[in-house]
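Heads up: the structure comes next, in structure tokens.
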Amino acid sequence: MAHPALHGRIVIATHNSGKLVEMRDLLTPFGLEAVSAGELNLPEPEETGLTFMENAAIKALAAAKATGLPAIADDSGLCVAALGGEPGIYSARWAGPDKDFTRAMRQIEELLQAKGALSPAQRQAWFISALTVAWPDGQLAEVEGRVDGQLVWPPRGNMGFGYDAMFLPEGETRTFGELTREEKHGLPPLGRGLSHRARAFIALVDQVLQ
Ligand code: ITT
């Protein structure tokens, strides 16, 4: 289905400051005026979906309907193979109400150690980003991006946010916490998209941003 082209103002429907800077970076080349859900004092909708895609749609639609503007939302998370894909869509909740990702990373590490998962092959993980653009009339453009890697311990680097410091993307020697934002995006001419979010964004460009 063809979607309306995006121009002018767009709401970035996130309350996560780490995501917000990344999404702003990714949108900048397209000349859109991005305003965040936080700047507009939009409430955080309850994420009742059972998939990344469902939750991204809930957030994007809520923001589009509340503002009358197109809105983009990201629902993302870290999936750990040895933990059956957890924390997955519950990645934010594992950090608790005070959003303590040091604790969330330690919890993952403790679970891996309890399983004896010490070799790289036993520590496979991937990040998913579902990006949804919603228009006030209910139209949706939906894409997903993924990056595979392995979990290291102790965490390395203090760039990025969330679980970045324990995630070593495939083919790299530095964790996401040791990469600059530009390197983590890995967009041309640096690469063809490295992070889950940048990869999803490239797919979105084809649909609505060219
Ligand atoms: P919004 O819903 O307001 O966007 P949130 O933090 O609640 O913010 P999610 O429900 O999508 O967002 O939770 C995803 C969590 O997964 C997020 O809190 C991060 O800690 C983690 N995460 C997602 N992308 C990440 C990335 O690129 N690097 C590190 N951690 C990431």
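Is at least one residue of the range 24-44 assigned to a strand (DSSP E or B) and small (Gly, Ala, Ser)? Outline the logic, then answer.
Restricting attention to the range 24-44, the residues satisfying the condition of being assigned to a strand (DSSP E or B) are 33-36.
Filter once more, keeping what is small (Gly, Ala, Ser): 34, 36.
Yes, the range 24-44 has at least one match.
For the range 12-26, enumerate the residues that are of a type outside the set (Gly, Ala, Ser) and touching a helix residue (DSSP H, G or I) at 6+ places or on another chain (Cβ under 8 Å). Give the derivation first.
So the first thing to find is which residues in the range 12-26 are of a type outside the set (Gly, Ala, Ser), and the list is 12, 14-16, 19-26.
Scanning the range 12-26 gives Ile12, Thr14, Lys19, Val21, Glu22, Met23, Asp25, Leu26.
Looking at the structure I just gave you, is Asn41 without any contact (Cβ under 8 Å) to a residue 12 or more places away in the chain and within 24 Å of Leu6 (Cα to Cα)? So Asn41 passes the test.
Within the range 18-40, being modelled with pLDDT of 95 or more and open to solvent by 70 Å² or more (accessible area, probe 1.4 Å) holds for one residue alone: Arg24.
What residue, of Arg181, Arg146, is at pLDDT 95 or above, under 30 Å from Ala5 (Cβ atoms), within 11 Å of the ligand (Cβ to nearest atom) and not small (Gly, Ala, Ser)? Spell out the reasoning first.
Working: Arg146 fails: within 11 Å of the ligand (Cβ to nearest atom).
Checking each option against the conditions leaves just Arg181.
Find the residue count for the range 152-167, including only residues that are open to solvent by less than 50 Å² (accessible area, probe 1.4 Å) and away from the ligand (no atom under 13 Å from the Cβ). Residues meeting the conditions: 1.
Considering only residues in the range 73-125 that are within 16 Å of the ligand (Cβ to nearest atom), in a loop (DSSP other than H, G, I, E, B) and among the small types (Gly, Ala, Ser), the one that is most open to solvent (accessible area, probe 1.4 Å) turns out to be Ala92. Scanning the range 1-15 for residues that are surrounded by 19 or more Cβ atoms within 10 Å (Cβ to Cβ) and within 14 Å of the ligand (Cβ to nearest atom) returns Val11, Ile12, Ala13, Thr14.
Can you confirm whether Val11 is touching a residue at least 24 places away in the same chain (Cβ under 8 Å) and under 23 Å from Gly160 (Cβ atoms)? So Val11 fails the test.
Can we say Glu142 is over 27 Å from Glu54 (Cβ atoms) and either touching a Leu at 6+ places or on another chain (Cβ under 9 Å) or not in a loop (DSSP other than H, G, I, E, B) (or both)? It would help to see each step written out before you state the result.
On the way: over 27 Å from Glu54 (Cβ atoms): no; either touching a Leu at 6+ places or on another chain (Cβ under 9 Å) or not in a loop (DSSP other than H, G, I, E, B) (or both): yes.
Considered against the rule, which asks whether it is over 27 Å from Glu54 (Cβ atoms) and either touching a Leu at 6+ places or on another chain (Cβ under 9 Å) or not in a loop (DSSP other than H, G, I, E, B) (or both), Glu142 comes out as no.
Going through (1) open to solvent by less than 70 Å² (accessible area, probe 1.4 Å); (2) within 22 Å of Cys79 (Cα to Cα); (3) more than 12 Å from the ligand (Cβ to nearest atom) one by one, Glu170 falls short only on (1).
The values are calculated or read from the model by the stated rules, or taken from the named source; none is laboratory data. Nothing here was measured: the structure is a model prediction, and the numbers come from that model. As a convention, Cβ positions derive from the backbone with ideal geometry for all residues, glycine included, and neighbour counts pool all protein chains shown. Keep in mind that these areas ignore ligands, DNA and RNA; they rest on the heavy atoms of the full protein, side chains included. Shrake-Rupley method; radii C 1.70, N 1.55, O 1.52, S 1.80 Å.
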